[in-house]
C-alpha cells in the first residue's frame, strides 16, 4: 500500500506540460482531501530529489502561491513557457488549464 506522500508524488509527476493542478486537488486524489499543506511540504522538500514539475501546482483560486518574488517570477515564466496563460495577478484559468488525472482520454475509452 502506498503512503500519501508516494501517491502525491506519482500524481504530481503525471501533470503534463501546459496543465496545472491545485494543492487540494492533488491531496484529494492522493486520498486525503484536507492535506493541501502536506502537498506544499512535499513540493518544498522533494521537488529536486524527485524532479517534480513543482511549477504546475497552484492554489485553489488558480493563483501562484509562492511568497517570494523570485519564486513567483520563476513559476510564472515556467508556466508561460509551456503555454499556460498567467494574468497580471499571477492567476491561471482553472477551467482551461486544470489537469484531471481521473478523466479518461478519448484514447483510453
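The values are calculated or read from the model by the stated rules, or taken from the named source; none is laboratory data. Predicted model only: the values in this text are computed from it and were never measured. Glycine also receives a Cβ, built like all others from the backbone with ideal geometry; neighbour counts cover every protein chain displayed.
Being outside any loop (DSSP other than H, G, I, E, B), closer than 16 Å to residue 102 by Cβ and under 12 Å from the mean Cα position of the chain (by Cα): is that true of residue 39 here?
The answer is no for residue 39.
Exactly one of these conditions fails for residue 44: (1) exposed (fewer than 15 other Cβ atoms within 10 Å of the Cβ); (2) modelled with pLDDT of 95 or more; (3) part of a helix (DSSP H, G or I). Give me its number.
Among (1) exposed (fewer than 15 other Cβ atoms within 10 Å of the Cβ); (2) modelled with pLDDT of 95 or more; (3) part of a helix (DSSP H, G or I), residue 44 violates only (2).
Consider residue 7 carefully, then state whether it is out of contact with any strand residue (DSSP E or B) (no Cβ under 6 Å at 6 or more places or on another chain), surrounded by fewer than 17 Cβ atoms within 10 Å (Cβ to Cβ), over 22 Å from residue 88 (Cβ atoms) and without any contact (Cβ under 8 Å) to a residue 60 or more places away in the chain.
no
Scan segment 42-65 and report the pairs whose first residue is in contact (Cβ under 8 Å) with a residue 40 or more places away in the chain and on the phi > 0 side of the Ramachandran plot and whose second residue is surrounded by fewer than 16 Cβ atoms within 10 Å (Cβ to Cβ) and assigned to a loop (DSSP other than H, G, I, E, B), with Cβ atoms within less than 7 Å and a gap of 6+ or a chain change.
Matching pairs, first to second residue: 62/93.
Across segment 80-106, which residue is modelled with the lowest pLDDT among those that are part of a helix (DSSP H, G or I) and under 22 Å from residue 29 (Cα atoms)?
106
Which condition breaks for residue 34 when tested against (1) closer than 21 Å to residue 97 by Cβ; (2) not in a helix (DSSP H, G or I)?
Here residue 34 meets the rest and fails (1).
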